[in-house]
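Some notes on the structure that comes next.
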Amino acid sequence: MGILYDLVKEAKGNTGNETKVIRRFEPKIRKSLYLTRLENRDDLEQELKIKLIRYVRDYSLENVPGLFDEKKQ
């Protein structure tokens, strides 16, 4: 499986592993922050990290559709 899948699986079992997922996305978050005003960057960075943690916690690994499931739809 992919590295991100494994990280999410680990984070589901242990909340301390959520930081690994955040570190994985940090370059993209920082790059995206350059599109906003300087005074809003810190707040937006925190909000993005909170959203990412929520997605990791709420994501269901059991209901991931496979290739053939997508083809049927």
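The values are calculated or read from the model by the stated rules, or taken from the named source; none is laboratory data. Being a predicted model, the structure only gives us computed values, none of them experimental. In this analysis, Cβ positions are derived from the backbone assuming ideal geometry, glycine residues included, and neighbour counts consider all displayed protein chains.
Any residue in the stretch 44-55 that is among the polar types (S, T, N, Q) and surrounded by 14 or more Cβ atoms within 10 Å (Cβ to Cβ)? Talk me through it step by step, then tell me what you get.
Filtering the stretch 44-55 for residues among the polar types (S, T, N, Q) gives 46.
Still in the list and also surrounded by 14 or more Cβ atoms within 10 Å (Cβ to Cβ): none.
Checking the stretch 44-55: not a single residue is among the polar types (S, T, N, Q) and surrounded by 14 or more Cβ atoms within 10 Å (Cβ to Cβ).
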Cβ pairs under 6 Å, 6+ apart or interchain, first in the stretch 11-24 and closer than 16 Å to residue 58 by Cβ, second among the polar types (S, T, N, Q), ordered by first then second residue, are 11/17
Among residues of the stretch 1-59 being more than 10 Å from the chain's Cα centre (by Cα) and in a loop (DSSP other than H, G, I, E, B), the residue modelled with the lowest pLDDT is 1
Among residues of the stretch 1-31, those that are surrounded by 12 or more Cβ atoms within 10 Å (Cβ to Cβ) and among the small types (Gly, Ala, Ser), counted: 1
